[in-house]
1. Kindly express, to the nearest 10 degrees and within the range 0 to 90, the angle between helix 38-49's C-alpha long axis and the longest C-alpha principal axis of the chain.
2. Expressed as an acute angle from 0 to 90° and rounded to the nearest 10, what is the orientation of the C-alpha long axis of helix 23-34 relative to the principal long axis of the chain?
3. If you take the Cα atoms of the range 28-96, find Rg, then find the Kirkwood Rh from the mean of 1/r over all pairs, what is Rg/Rh?
4. Can you show me the helix-derived [θ] at 222 nm for the chain, built from DSSP H runs with n ≥ 4 at -39,500 (n - 2.57) apiece and divided by the number of residues, rounded to the nearest 500.
5. Compare the peptides 84-92, 34-42, 19-27, 66-74 by average per-residue count of other Cβ atoms within 10 angstrom and give them in order, highest first.
Amino acid sequence: MSADRVSLSKEVLFNIFKKCLLQPLLMWGIVFALGIHGNWAQEAILLCAMPSAIMTTMFAIKYDVLTVESISSTILGTVVALFTMAMIMHWIGIGS
């Protein structure tokens, strides 16, 4: 991954938006709708806010499919997740 360039495109920005913001918001809605509270709710939301797994990027590189987008989404998504996870943790009351 470090040998390739990171590029910013619509696809990469959309992937980062979905993973770092949309998935945690959807999980918050599910947790709220099902009436889940406490640690279970916090863990479910936080797990959805974690950055993308590296495995998808490894498969993209191996099969030479969307490698630039996958690498860029993984690297930039991890950087963005540092901030969004901190905000989400504060929002749901972890560490306060």
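Every read-out reported here was derived from the displayed coordinates using simple, explicitly stated rules and does not represent laboratory data. The structure displayed is predicted, hence computed values, not measured ones. Cβ coordinates were reconstructed from backbone atoms using ideal geometry, including for glycine residues, and neighbour counts include every protein chain displayed.
1. That helix lies at roughly 20 degrees to the long axis.
2. Approximately 30 degrees, to the nearest 10.
3. In the range 28-96, Rg relative to Rh is 1.12.
4. -22500 deg cm²/dmol
5. 66-74, 19-27, 84-92, 34-42
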